[in-house]
Amino acid sequence: MLVLVKLFVLSTSTKILSIHRLCVLCIGQIPLYGSSVTAADAGLLSTLTLSQTTVSWFLKTPDGSSAAGVGVILPYTSADPVPGACNQEFPLEIDPNIYLQYNLFETTITFAPANIGYGRGESPPACDVDTDSSTRWRLVYELYQYFLPEGDLSEQSLISSLERAANVQNMQDNGRKVVSLSSHDRTQFSFSSLPGQGVIFSVIVRDPVLNTSASYIPVHTYACSFNSTLDGCSDLGRVSSKVFFTVMGLAGLFVCFVGHRFFKCELFCMGFCFMAFIFFVLITTTTTLEYDIRLALTALMGVVGGVAMVMSWWRFGSVMACVLVVGLILGFLISSIAFFTPLGDIPIFHNDVVFWVVFACIMVFVPLFFIRWPREGNIITCGVVGGYAVVLAVNAYTYTSLSYITLDVLKRLLNHNFSRAFISVPLQDIDFIMITVWVVLGVSGIVMQLYREKSRPFFPPSPYVMWKQERERRKTNVLDPSHHKPSLSARILGRIRQLTQRTEPAGETTPLLF
């Protein structure tokens with residue numbers, strides 16, 4: 001009985017979480033400013049008076065229609081921190097909600113600071129005092145992420161996942177702690193947007209003096225809209241993207257196994273990737289064209305870049321220049337992989353200058369390393385880059401986190417504020433399968449090409465250079481029988497002369513000079 005009474009006499013909070021529809025949660029039957037909140041993940045915290053034994057909340061949808069949801073009631077003791085009790089920005093006096101905004105690049109969460117706990121009937125401690133160790137400045141905030149199953153947008157999956165993030169203990173057991181903050185840090189953080197990937201964000205505030213904790217209202221996002229007819233969650237796999245990346249995957253498979261043997265085809269593919277990436281960044285930052293138009297123009301410029309790279313090799317025959325471009329592509333991919341790991345979330349790399357300097361150093365080091373072994377470097381690039389192209393082709397049909405290896409770098413190039421975003425993504429079953437496929441393709445392609453090319457010349461000669469050398473050889477080598485052959489123009493004139501003599505009518509004379 002004492003436990004039951006204690007449960008009622010202490011502060012209690014409840015959270016009502018809607019699936020894909022905004023709901024209004026209010027203290028009274030009529031939503032009023034300061035006593036109601038409208039959100040897909042909404043929660044209210046009510047402090048009970050000395051004689052109060054019950055509390056009521058009301059839930060409604062703005063348009064009056066039904067909405068699926070789950071409600072959880074959490075009791076807080078007087079020793080527990082009070083989430084959002086030091087709110088100075090949002091409408092509620094005590095606001096335990098987490099406010100979430102997202103775009104193509106980043107997802108930002110914001111929450112109000114908490115205060116230390118206090119007993120029923122007592123005045124809350126001041127929020128702006130920093131002289132007493134018992135104030136809220138001793139509180140610590142922990143940000144958690146919980147990833148839903150990849151590619152699963154169902155309500156059942158979301159509801160079961162929310163149950164795993166409903167309170168402090170569940171979130172600690174199932175979620176991933178991203179960062180810890182002190183009370184002096186800014187209560188706003190950014191994460192990399194993962195369209196189509198469900199994520200639940202939660203904040204746990206701790207009182208290290210009393211060893212207590214409390215949870216804010218968890219908030220979820222798929223970084224896409226369920227109501228939009230364009231760019232909605234159900235329209236993530238565009239036909240244009242599928243065609244583009246399928247062709248890239250087939251070309252990558254070809255390059256992975258026989259790229260070095262068919263050197264001109266490899267140069268075209270590498271030149272395509274190099275020019276397409278640069279042009280997509282330029283056209284995205286300078287125009288507001290639709291995605292399909294940008295993708296078509298990117299493909300067109302990629303073809304131009306591929307042809308230009310092949311023609312430059314055909315005309316000048318500089319193998320090292322071509323291998324340098326190929327090595328830069330491998331360096332870009334290796335550097336992207338390095339920052340895809342937890343290394344990318346180290347605070348020092350949230351500085352753009354530090355990030356791009358280190359990224360460029362890794363990128364440039366790779367082709368310089370393979371200058372001594374250009375053929376081996378070219379074959380390794382074929383295996384690694386070709387295998388990753390296959391991974392991107394699979395990503396066009398089913399979600400895989402490996403696409404964010406290069407996508408995070410692209411986001412950082414296109415969005416100046418992306419540097420402060422956390423870029424952690426989940427690695428689930430499909431990702432481990434694709435990593436295995438990538439490794440098998442890369443290793444088998446590299447081994448096969450090294451074995452087939454070991455007795456061949458390092459690189460095929462340039463056709464133009466060969467023709468030019470042959471021409472010079474014929475001009476200077478008098479012992480060469482071809483040196484004594486008439487020139488091409490003389491042979492053409494002689495042939496015309498023979499044909500003219502054969503077709504002259506009888507009785508006509510042949511001119512003395514022809």
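The values are calculated or read from the model by the stated rules, or taken from the named source; none is laboratory data. This one's a predicted model, so the numbers in the text were calculated from it and none came from an experiment. Neighbour counts are summed over all protein chains in view; Cβ atoms, including those assigned to glycine, are modelled from backbone coordinates with ideal geometry.
Determine, yes or no, whether MET301 is surrounded by 13 or more Cβ atoms within 10 Å (Cβ to Cβ), without any contact (Cβ under 8 Å) to a residue 40 or more places away in the chain and over 19 Å from the mean Cα position of the chain (by Cα). Considered against the rule, which asks whether it is surrounded by 13 or more Cβ atoms within 10 Å (Cβ to Cβ), without any contact (Cβ under 8 Å) to a residue 40 or more places away in the chain and over 19 Å from the mean Cα position of the chain (by Cα), MET301 comes out as yes. Kindly indicate whether any position in the stretch 202-218 is part of a loop (DSSP other than H, G, I, E, B), in the same structural domain as ALA40 (by TED's automatic domain parsing) and under 19 Å from ASN103 (Cβ atoms). No, that holds for no residue.
Of the residues making up the stretch 358-378, those that are within 16 Å of LEU410 (Cα to Cα) and either surrounded by fewer than 16 Cβ atoms within 10 Å (Cβ to Cβ) or touching a His at 6+ places or on another chain (Cβ under 8 Å) (or both) number 1. When you check SER424 against the structure, is it hydroxyl-bearing (Ser, Thr, Tyr), part of a helix (DSSP H, G or I) and touching a residue at least 12 places away in the same chain (Cβ under 8 Å), yes or no? When the stated conditions are applied, SER424 does not pass them. If we scan the stretch 270-279, do we find a residue that is assigned to a helix (DSSP H, G or I), touching a helix residue (DSSP H, G or I) at 6+ places or on another chain (Cβ under 6 Å) and surrounded by fewer than 19 Cβ atoms within 10 Å (Cβ to Cβ)? Looking for residues that are assigned to a helix (DSSP H, G or I), touching a helix residue (DSSP H, G or I) at 6+ places or on another chain (Cβ under 6 Å) and surrounded by fewer than 19 Cβ atoms within 10 Å (Cβ to Cβ), one finds none in the stretch 270-279, hence no. In the stretch 102-118, the qualifying residues are those that are within 30 Å of THR284 (Cα to Cα) and of a type in the set (S, T, N, Q), and the one that is surrounded by the most Cβ atoms within 10 Å (Cβ to Cβ) is THR107. In the stretch 162-185, is there at least one residue being in contact with a helix residue (DSSP H, G or I) (Cβ under 8 Å, 6 or more places away or on another chain) and closer than 19 Å to ASN103 by Cα? The answer is no, given that none of the residues of the stretch 162-185 is in contact with a helix residue (DSSP H, G or I) (Cβ under 8 Å, 6 or more places away or on another chain) and closer than 19 Å to ASN103 by Cα. So is LEU104 in contact (Cβ under 8 Å) with a residue 40 or more places away in the chain and not in a loop (DSSP other than H, G, I, E, B) or not? So LEU104 does not fit the description; no.
Among the residues here, GLY252 does not qualify as assigned by TED's automatic domain parsing to the domain that holds VAL439 and at positive phi.
Residues considered: VAL168, VAL209, VAL203. Of these, the only one that is within 25 Å of PHE105 (Cβ to Cβ) and either buried (at least 21 other Cβ atoms within 10 Å of the Cβ) or not polar (S, T, N, Q) (or both) is VAL203. Residues that are assigned to a strand (DSSP E or B) and surrounded by 15 or more Cβ atoms within 10 Å (Cβ to Cβ) within the stretch 88-101 comprise ILE98, TYR99, LEU100, listed in sequence order.
Would you confirm whether or not the stretch 325-338 contains a residue that is under 15 Å from the mean Cα position of the chain (by Cα), in a loop (DSSP other than H, G, I, E, B) and closer than 22 Å to SER192 by Cα? No, the stretch 325-338 contains no residue that is under 15 Å from the mean Cα position of the chain (by Cα), in a loop (DSSP other than H, G, I, E, B) and closer than 22 Å to SER192 by Cα.
Taking the stretch 313-324 as the range and being modelled with pLDDT under 85 and either surrounded by 16 or more Cβ atoms within 10 Å (Cβ to Cβ) or assigned to a helix (DSSP H, G or I) (or both) as the test, the residues that pass are TRP313, TRP314, ARG315, PHE316, GLY317, VAL319, MET320, ALA321, CYS322, VAL323.
Checking the conditions here, which among ALA360, ALA396, ALA338 is farther than 30 Å from ILE109 by Cβ and out of contact with any Cys (no Cβ under 8 Å at 6 or more places or on another chain)? Criteria check complete, one pass: ALA360.
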